[in-house]
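Read the structure below first, then the notes.
The values are calculated or read from the model by the stated rules, or taken from the named source; none is laboratory data. Note that the structure is a prediction, hence the values are computed from the model and not measured. When we count neighbours, we look across all protein chains shown, and the Cβ atoms used for this are built from the backbone with ideal geometry, even at glycine.
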Amino acid sequence: MTPRIHSLWLLPSPADAAMLADLAGGLSARFGTPLFAPHLTLKGDTQMPLAMLQQAVEAAAATAAAFAAPVARVEGGEAFFRSFYARFAVSPALAALKRALDPAELDGFMPHVSLLYGPVAPAAKAAAIAETDARLAGRSIRFDRIGIVTSGQDVPIADWRVVASVGLRSA
């Protein structure tokens, strides 16, 4: 039996999650790309047993307060999972969570919330990025939970599911 793959996501508050989901849904419909729940990945594609992930998430969440971070800018790239995203600075709060949950990848950490997956014609993508950047740059997004998610590069996007979430402390 193949081990179950999970990722750890920092999840936006319900109000921000709804706004980002609406934006991602509009982009998905506009460009015919896969639909997914916007999130900030803290650790991707791990085969660590679910019980161990739960313990790690609970320990990290116990030391971290919910926080808001401003969108630095909206960018695009060639990678499927980084085609179009809202980028964030590596704040002390984000660095602390990354250090607690995925210390080996801290140096390469580029916090972002993807808004579109997959290839899009360059001119159309550039126009959509400019529109979205005008809407989101500088806007604060509140993060209040860490999710344990059945997801990974080899798991179909339609099958991604949050299997557990742990709230960050109240600020």
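Which residues, counting only those in the range 112-127, are in contact (Cβ under 8 Å) with a residue 12 or more places away in the chain, in contact with a helix residue (DSSP H, G or I) (Cβ under 9 Å, 6 or more places away or on another chain) and not β-branched (Val, Ile, Thr)?
Answer for the range 112-127, where residues must be in contact (Cβ under 8 Å) with a residue 12 or more places away in the chain, in contact with a helix residue (DSSP H, G or I) (Cβ under 9 Å, 6 or more places away or on another chain) and not β-branched (Val, Ile, Thr): His112, Ser114, Leu115, Leu116, Tyr117, Gly118, Pro119, Ala124, Lys125.
A residue that is acidic (Asp, Glu), modelled with pLDDT under 95 and under 26 Å from Ser28 (Cα atoms) occurs somewhere in the range 70-93.
Among the strands (runs of 3 or more DSSP E) confined to the range 99-171, there are none with at least 2 residues that are on the phi > 0 side of the Ramachandran plot.
For the structure I just gave you, tell me whether Pro70 is of a type outside the set (Asp, Glu), surrounded by fewer than 17 Cβ atoms within 10 Å (Cβ to Cβ) and within 15 Å of the chain's Cα centre (by Cα). Spelling it out, Pro70 is indeed of a type outside the set (Asp, Glu), surrounded by fewer than 17 Cβ atoms within 10 Å (Cβ to Cβ) and within 15 Å of the chain's Cα centre (by Cα).
Among the residues of this structure, Ser170 counts as one that is surrounded by fewer than 18 Cβ atoms within 10 Å (Cβ to Cβ), farther than 21 Å from Gln47 by Cβ and of a type in the set (S, T, N, Q).
Could we say that Ala96 is closer than 19 Å to Arg145 by Cβ and part of a helix (DSSP H, G or I) here? It is true that Ala96 is closer than 19 Å to Arg145 by Cβ and part of a helix (DSSP H, G or I).
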